[in-house]
Amino acid sequence: MKEVKETSIKSSEDVILARQVAREMAKKLGFGLADQTRITTAVSELSRNIYLYAGTGRVVIKAVSGDSGKGMEIVAEDNGPGIPDIEMVMQDGYSTSKGLGQGLPGTKRLVDEFEIKSKVGAGTIVTIKKWLR
Amino acid sequence: MAKKEVSNISGVLVKKEKEILDAWIKAQADLPAFQKGLITAKQLEEESSRFLKLLVKAVAGGNLEDITAPEYDEINKSLADLSTSRASIGFSPSETTNFILSLRQIFIRILQKEFDDRLDTLVNAGLVFADLLDKLAIVTFEAYVKGREEVIREQQKSMLELSTPVIQVWDEILILPLIGSVDSARAKQIMESLLESIVTTKSSMVIIDITGVPAVDTEVASRLLRTMQAARLMGAESILTGLSPQISQTIVHLGVDLSGFVTRASLRDGLELAFRKLKLKVTKAEG
Ligand SMILES: Nc1ncnc2c1ncn2[C@@H]1O[C@H](COP(=O)(O)OP(=O)(O)O)[C@@H](O)[C@H]1O
Ligand SMILES: [Mg+2]
């Protein structure tokens, strides 16, 4: 299946939009209600981080297939300030904005694959995958 | 292409403007968009006539290729406005681009009549004009997509702005039924009105029902936690209701700790608990 949806994140409403796009796609690919909720929530976390910390960016959601069968890949990408210490932000409860600090570590627990790349002054890319089973 | 042929096309456009307009309006009236009654006959006439006038003006100088040139500014803008407004009244993408594409056949037919003895000129003119209309159709389509996005944004805004009433269901019991996305600005306003109501109604129980909230991420969870903490400081206990099994599970995965607060699956269960805590009993009347 060739399905790619891109949502640019510029305002807090775009976070809602990205979330809706994710839910639609998850539903269409045949994910159950529990996984739909996990995927939607993960996209919510990542796009909100873009809005909060980078200002603008984009979320690309697509259907993928691999060794583990069919699934969904989400890439959240920005050209914001970047993250100086990835290990730190992946710890539960670490936040620079008085948030809960559970967004990134929580997202990692909600999905099957999680990868974060960041460069200070250049931006951040988070890629997550969820497989149908 | 030879300059002469280009001026031929513009010439025909100018000369036959009225004829083209009449045929075009007739063709459009047969299209499904019009049949569905999305626009009136008068609108169709006005919009078509305005567009054709602008087109005649734009091609007058002989430029039928570069629609980014200044003489096309007016027509591009007017097309964009038209598509945006059509997107908002429910035209589909194809119905919207058909406005332009339906002109192609009509013009080709007119050209055929004009140049029926000169096949070369006919073919060339036809190609050039079809090309121009394609470019304008793309402008239309792009504007349409932007228009749809605008509509979606507006709808979401109105969802966000849905007022959230705080309902006093019984002495000392408030219910806050949350519906839609409880993001940022709206969440703050909800929290304030709840705290205010606790004071004015002297309530000691608050039921926050999130049955209608589509997603609970860490931001929403933290708003809920803070609201319940603030309510507690004001002497009211909160009961969080309407957590679907999926949302409860997701909250646990996220690592959000709701253990300090009472949760119930349904609003009904929450209300029953509130009654019990206030030592109220609902019984069936006898007889
Ligand atoms: N896209 C990003 N760009 C820059 N910094 C980020 C980005 N995403 C997350 N961070 C940093 O990582 C921290 C932890 O993020 P997260 O786990 O989502 O918790 P929270 O958003 O509640 O702070 C944030 O406080 C922020 O400093
Ligand atoms: Mg976050």
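The values are calculated or read from the model by the stated rules, or taken from the named source; none is laboratory data. If you're wondering where the values come from, they're calculated on a predicted model, not measured in any experiment. Cβ: placed from backbone, ideal geometry, glycine included. Neighbour counts: every protein chain shown. SASA here: full protein model, heavy atoms, side chains in, ligands and nucleic acids out. Shrake-Rupley method; radii C 1.70, N 1.55, O 1.52, S 1.80 Å.
Rounded to the nearest 20 debye, the dipole size of the protein assembly as shown about its Cα centre is 880 debye, using +1 on the Cβ of Lys and Arg and -1 on the Cβ of Asp and Glu. The share of C-alpha pairs in the protein assembly as shown whose separation exceeds 35 Å stands at 50 percent.
Mean partner shielding of peptide A:11-17, defined as the number of other chain Cβ atoms within 10 Å of each residue Cβ, is 6.
Taking 20 Å as the cut-off for C-alpha to C-alpha distance, list the pairs among A:K5/A:K130; B:K53/B:K135; A:K70/B:K146; B:K18/B:K77; A:K27/A:K129 that go past it.
Values: A:K5/A:K130 16 Å; B:K53/B:K135 18 Å; A:K70/B:K146 32 Å; B:K18/B:K77 23 Å; A:K27/A:K129 15 Å.
Going by Cα-Cα distance, A:K70/B:K146; B:K18/B:K77 fall outside the 20 Å limit.
Could you list log10 I(q)/I(0) for region B:1-150 at q = 0.09, 0.15, 0.19 Å⁻¹, which the Debye formula gives when each Cα is one point scatterer? Log10 I(q)/I(0), no solvent term: -0.27, -0.75, -1.16.
The portion of the accessible surface of region B:3-159 made up by carbon and sulfur, rounded to a whole percent, is 56 (1.4 Å probe; DNA, RNA and ligands excluded). Across chain B the C-alpha pair distances fall into 10 Å bins from zero in the proportions 6, 22, 18, 10, 10, 12, 12, 7, 3, 0 percent.
Taking all pairs of different Cα atoms in chain A, averaging 1/r and flipping that mean, what Kirkwood radius in angstroms comes out?
Details: mean 1/r = 0.0681 Å⁻¹.
Every distinct Cα pair counted, the radius reaches 14.7 Å.
Structural descriptor for chain A: relative contact order 25 percent, calculated from alpha carbon pairs under 8 angstrom and at least 6 residues apart. Once the chain from B:D257 to B:T211 is taken as fully extended at 0.36 nm per residue, the excess over their C-alpha distance is 14.6 nm.
The distance linking region B:26-92 with region A:7-36 is 35 Å (Cα centroid to Cα centroid, whole angstrom). 3J(HN,Hα) couplings calculated from phi for region B:107-120 with the Karplus curve 6.51 cos²θ - 1.76 cosθ + 1.60 (θ = phi - 60°) are, in sequence order, 5, 4, 4, 5, 4, 4, 5, 5, 10, 5, 9, 10, 4, 4 Hz; Gly and Pro show x.
How large, in Å, is region B:167-277 by the Kirkwood hydrodynamic radius built from its alpha-carbon pairs?
Details: mean 1/r = 0.0722 Å⁻¹.
That comes to 13.8 Å for region B:167-277.
Go ahead and run the numbers for FRET between A:T96 and B:S78, Cβ-Cβ distance against an R0 of 56 Å, rounding to 0.05. The formula returns an efficiency of 0.70 here. How many percent of DSSP beta bridges within the protein assembly as shown run antiparallel, rounded to 5? Given both bridge residues lie in the protein assembly as shown, the antiparallel proportion sits at roughly 70 percent.
A simple spin-label model places the labels of A:S68 and B:I152 2.7 nm from each other, with each point 7 Å out along Cα-to-Cβ.
Dimensions of region B:1-81 from C-alpha coordinates, computed as largest minus smallest value along each principal axis and given longest first, are 43, 25, 17 Å.
A helix-only calculation puts the protein assembly as shown at -18000 deg cm²/dmol for mean residue ellipticity at 222 nm, using -39500 (n - 2.57) for each DSSP H run of at least four residues, averaged over all residues.
For B:K113, the aspartates and glutamates whose Cα falls under 18 Å of its own Cα, not counting residues fewer than eight places away in the same chain, are B:E5, B:E17, B:E19, B:D22.
For B:E237, the residues whose modelled amide H falls within less than 5 Å of its own, excluding neighbours fewer than 5 places apart on the same chain, are B:M205, B:V206. Residues in region B:74-81 carry Karplus couplings, in order, of 4, 5, 4, 5, 5, 5, 4, 4 Hz; the curve used is 6.51 cos²θ - 1.76 cosθ + 1.60 with θ = phi - 60°, and Gly or Pro positions show x. Phi angles of region B:132-138 translate, via the Karplus equation with coefficients 6.51, -1.76, 1.60 and θ = phi - 60°, into HN-Hα couplings of 4, 5, 4, 4, 5, 5, 5 Hz per residue; Gly and Pro are given as x.
For chain B, what proportion of DSSP beta bridges, expressed in % and rounded to the nearest 5, is antiparallel? Show your work: numbers first, answer last.
Details: 3 of 17 bridges.
The answer is about 20 percent antiparallel.
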